[in-house]
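Taking it in order: structure first as structure tokens, then the write-up.
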Amino acid sequence: MSEFFQATVLLGLLTAGVRLATPFLFAGLGEMLSQRSGVLNLGVEGIMLIGAFVSFFVAFESGNLYLGLLAAILAGAFMGLLTAFVSVTMKAVQGISGIGIHILGLGLSGLFFRLTMGSISTMRGFPRLAIPILKDIPVLGRVLFNQNWMVYAALLLVPISWAVIYKTTFGLKVRSVGENPHAADSLGISVTRVRYICVVIGSIMASIAGAFLTIGQHEAAFVNNIAAGRGFIAVALVYFAKWNPLGVLAGAFLFSMIDAFQLRIQIIDIGIPYEIPVMLPYIVTIVVLALSTRGRVLGPTALTKPFVRGVHT
Amino acid sequence: MSAIKKSVPSVQSIELRSVTKRFPGVLANDSVSLSFESSRVHTLLGENGAGKSTLMHVMYGMYAPDEGQILVNGSPVHFRSPKDAAEYGIGMVHQHFMLVPSLSVLENIVLNYPSPRWPFLDLAAARERVVAMSNEYGFGIDPDAKVWQLSVGEQQRVEILRILFRDASYIILDEPTAVLTPLEVKEFMGVLRRLVADGHGIVFITHKLNEALEISDKITVLRSGKVVGETTPCDTDKNQLAGLMVGREVVPTWQKRGAAGEKVILSVRNLSARNNKGLRALNDVSFDLKEGEVLAVAGVSGNGQKELAETIAGLRRIDGGEILLGGSNLAGLDVKQRIDSGLAFIPEERMTMGVVKEFSLIENVILKSHGTPEFASGIFLRAKKIRDSAVQAIKDFDVRTPSADVAAATLSGGNIQKVILARELSSRPKLLIAAQPTRGVDIGASEYIHKRIVQIRNEGVPVLLISEDLDEIISLADRVLVLYEGQVQGIVPPSTPVEEIGLMMTGGNTHYVVDGCEDSETPPTTH
Ligand SMILES: Nc1ncnc2c1ncn2[C@@H]1O[C@H](COP(=O)(O)OP(=O)(O)O)[C@@H](O)[C@H]1O
Ligand SMILES: [Mg+2]
């Protein structure tokens, strides 16, 4: 067991942790924006799957990774519009319609994969991009500054999200729409418009998170259900984070480290069935969620509540 | 540094011409024609449901009128949203507060207002202006406080600041005094006078006659969506206004007979409890309720009244103390056992706790007694018995409904309250707890509810009446208990001057303190 804790292993663990945090960051920050406006987007997992497939397919066929990413963004926007239409315009029960979006994403990505590619193919994903000077910092350099550009983008999105939510006029509108849409409406803010924008941006980010699972990997490939519950964990993360970008960062690392850890255990084979470490992230999700609701920070008051002028809920 | 100042035109006059607004099944405004001028307080008086709010929402751009026209300064306008109305210099303080509790005062004020540093907020520039305005009107509002930390009165001032910040020259206030204590109402009237002196036009909505007579330059009475009278305070009086509002003469149909007895029925000793946030809501509350007595609990909303009613009814756990009904302690009993020992309860939340909205009136009336041998044999309900008894109760209690089979949700507030009364009083209770029994109920139904309460009082049943309406308290109570921050501030006769009761409600004057120590852990809670 002693070699398990050797420095190199630990370093590898941390590096993998940062990389694995990326999809949680994209999807979690997007989901946070959506929830801040009052819409629970439970379909994140399905949207991630679509993003994962579409980006890989387009990149594979065209040979251009950026084209693949663009395709994922467009697919995410489309899924976002669909989600917003169902949740905001049609005022469906968001928990249920989200499950529908998930099943749709799961089914469509699997179906198109079978129809178009059929078997597992691989290609090179975005390469590592070491950042000069910073990469030479001991430990941190290797862990943080020797990743691919999507990882950096995800990390940058944390302060950007924070600034957008707390420091901009748009962020103030989003917060007001999620807390008291009647107040926002009475000042001439279009609740519908703000919610559409947030849901679409959130869905695009979920789709990018999916793209990272394929073309963001050194050895890119698509397999059925590649998101493996990460979208749902991203939703849980937002609650854990108490709707704060810094909390999403902390949560993303917590889960990615557990993910990295369980991958190591599987490889090392310490004599326990591999299913047990695989379960770890999900068990932690449940425990963390059960504990994190104990603080009295409640989410956006209007979360999951459709807005009807004159009807106060 | 200064915020962008848009040039907002000054409203000299607003005219509504034959404005009609329908909701499904309701004619909320029926061809209303009215004109408003600047530098005047124009009061809209009317019962709940008369269409006052709807009319103002039309004037403020929230609803488009189905028919009719709005003219500002003589030219027709078409508001598509409140933003359009705001651009004409019209602002509105709504009946439901339109603030975001988790945001700061400043953030609420600048919400959807152009920022000079777009896309970023410029709170610094706004802060200067807000502080200046707040000082000018003597509001004393901390611009960085979160709105949820403010009292209801302060929240109202934030709404007014927000309107002034947008350079509105015409301000609509929808039932602003409904949530204020008597002292706050006095201050509020001062603010209205200041606003008018500064050239603002005011629409003041109320259903309180005294206030209309005190502050108005002009009074318009609405009933069932129509204008039924237009007058000035000098040309009218309370009786005439009440008659116009209700559409008939209003005379009290009840009278208290005899003094309260001496026998103590309910004795509450050192009761303590927490609110839903886990904070201390009742602190060492003690009082006796005697045979044939109405003990009215007065207090600003959120000072423990709700928790007091709920602890006695068995819906909230107590932290300490005793509740003795006829000598035996209720504290360990569950709700059913308390009902069986003779407790009747009219809850504050009539739609959620008072009735099952989706159930028929019949089902609602027998909700408590459906298990008794009279209405059930074994596990089966005796449908015929139940129907007959419920239909009779609905008739006895003057519930205005097309049928006893309609869902409770389809009735008006006043009629729902009568259904609840029918259920609670038909079980011949030993004690009645009535929490806000007439809030939001029209004058006719209010009168009826008062009549029933006094009737059972006259029969010797003690009543614990919790109300935020001081007029109601003074007319019904044998004694008045004032709650402040969860403590008994004093128990006084109803003949005590209203100003004095109002002062006690804000913790001003202590007549009789059960426990001398102040509980500094209990912040004044609003909501
Ligand atoms: N959004 C709405 N949808 C349907 N009916 C409404 C709506 N708002 C008000 N009403 C109805 O219109 C009538 C007038 O209501 P309102 O203007 O709120 O009266 P007031 O402010 O005088 O108490 C009432 O019968 C009410 O039930
Ligand atoms: Mg109203």
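Summary table below
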{"quantity": "Counting DSSP beta bridges with both ends in the protein assembly as shown, the antiparallel % (nearest 5)", "calculated": "60 percent"}
{"quantity": "Highest average packing first - A:211-224, B:202-215, Cβ atoms within 10 Å", "calculated": "A:211-224, B:202-215"}
{"quantity": "Accessible area (Å², per residue) of segment A:63-122, counting only protein heavy atoms and a probe of 1.4 Å", "calculated": "52 Å²"}
{"quantity": "Unit Cα scatterers, Debye sum, chain A: log10 I(q)/I(0) for q = 0.07, 0.08, 0.15 Å⁻¹", "calculated": "-0.28, -0.36, -1.21"}
{"quantity": "Degrees, to the nearest 10: A:230-240 long Cα axis against longest axis of chain A", "calculated": "60 degrees"}
{"quantity": "With eigenvalues of the C-alpha gyration tensor scaled by 5 and rooted, segment B:2-246, Å", "calculated": "30, 21, 16"}
{"quantity": "Cα-based reach from B:Lys238 at 17 Å (exclusive), listing aspartates and glutamates while leaving out same-chain residues under 8 positions away", "calculated": "B:Glu47, B:Glu211, B:Glu214, B:Asp217, B:Glu230, B:Glu249, B:Asp442, B:Glu447, B:Asp471, B:Glu472"}
{"quantity": "Anisotropy class of chain B from Cα gyration tensor, a/c 1.5 cut", "calculated": "prolate"}
{"quantity": "³J(HN,Hα), Karplus 6.51/-1.76/1.60, whole Hz, each residue of segment B:320-326, x for Gly, Pro", "calculated": "x, x, 10, 10, 9, 10, x"}
{"quantity": "Kyte-Doolittle at least 0.5, axis length at least 15 Å by Cα - qualifying DSSP helices, chain B", "calculated": "B:182-197"}
{"quantity": "Heavy-atom accessible surface of segment B:350-428: percent carbon and sulfur, 1.4 Å", "calculated": "59 percent"}
{"quantity": "The protein assembly as shown, helix-only ellipticity at 222 nm - DSSP H runs n ≥ 4, -39,500 (n - 2.57), divided by all residues, nearest 500", "calculated": "-14000 deg cm²/dmol"}
{"quantity": "Shielding by partners, peptide B:107-113 (average Cβ within 10 angstrom, other chains)", "calculated": "5"}
{"quantity": "Cα-based equivalent ellipsoid, the protein assembly as shown: semi-axes from gyration tensor eigenvalues, Å", "calculated": "55, 35, 27"}
{"quantity": "Straight-distance crosslink candidates among aspartates and glutamates, where the alpha carbon sits under 14 Å from B:Lys430 and sequence neighbours closer than 8 are dropped", "calculated": "B:Glu291, B:Glu293, B:Asp340, B:Glu459"}
{"quantity": "Whole-percent carbon and sulfur share, accessible surface of segment A:7-110, 1.4 Å", "calculated": "82 percent"}
{"quantity": "Solvent-accessible heavy-atom area per residue, rounded to whole Å², over chain B at 1.4 Å", "calculated": "43 Å²"}
{"quantity": "Quarter of Cα convex hull surface for segment B:350-428, i.e. mean projection, nm²", "calculated": "4.8 nm²"}
{"quantity": "Beta bridges per DSSP with both ends in chain B, % antiparallel, nearest 5", "calculated": "55 percent"}
{"quantity": "Of every Cα-Cα pair in segment A:1-119, the percent that sits beyond 17 Å", "calculated": "64 percent"}
{"quantity": "Nearest 10 degrees, 0 to 90: helix A:191-214 Cα axis against chain A principal axis", "calculated": "10 degrees"}
{"quantity": "Buried area at the A-B interface (accessible, heavy atoms, 1.4 Å probe, summed, Å²)", "calculated": "2100 Å²"}
{"quantity": "Residue among A:Gly98, A:Gly118, A:Gly251 with the largest mean-square fluctuation in a Gaussian network model of chain A, springs linking Cα atoms under 10 Å", "calculated": "A:Gly118"}
{"quantity": "Antiparallel DSSP beta bridges within segment B:2-246, percent to nearest 5", "calculated": "55 percent"}
{"quantity": "Euclidean distance between Cα centres, segment B:144-170 to segment B:89-141, Å", "calculated": "7 Å"}
{"quantity": "Dimensionless Rg over Rh [segment A:13-60; C-alpha; Kirkwood]", "calculated": "1.07"}
{"quantity": "Segment A:218-250 versus segment B:332-392: alpha-carbon centroid distance in Å", "calculated": "49 Å"}
{"quantity": "Rotationally averaged projected area of segment B:159-279 (alpha carbon convex hull; nm²)", "calculated": "13.7 nm²"}
{"quantity": "Residues in segment A:186-231 that, when all protein chains are in place, have 50 Å² or more less accessible area than the chain alone would give (probe 1.4 Å)", "calculated": "A:Ser186, A:Leu187"}
{"quantity": "Greater than 32 Å apart at Cα, pairs in B:Lys83/B:Lys218; A:Lys91/B:Lys208; A:Lys91/B:Lys395; A:Lys242/B:Lys208; A:Lys305/B:Lys52", "calculated": "A:Lys91/B:Lys208; A:Lys91/B:Lys395; A:Lys242/B:Lys208"}
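The values are calculated or read from the model by the stated rules, or taken from the named source; none is laboratory data. Quick caveat: nothing in here was measured; it's all calculated off a predicted structure. Ideal geometry is used to build each Cβ from the backbone, glycine not excepted, and the neighbour counts take in all protein chains shown. These accessible areas exclude ligands, DNA and RNA; they are computed on the full protein's heavy atoms, side chains included. Shrake-Rupley method; radii C 1.70, N 1.55, O 1.52, S 1.80 Å.
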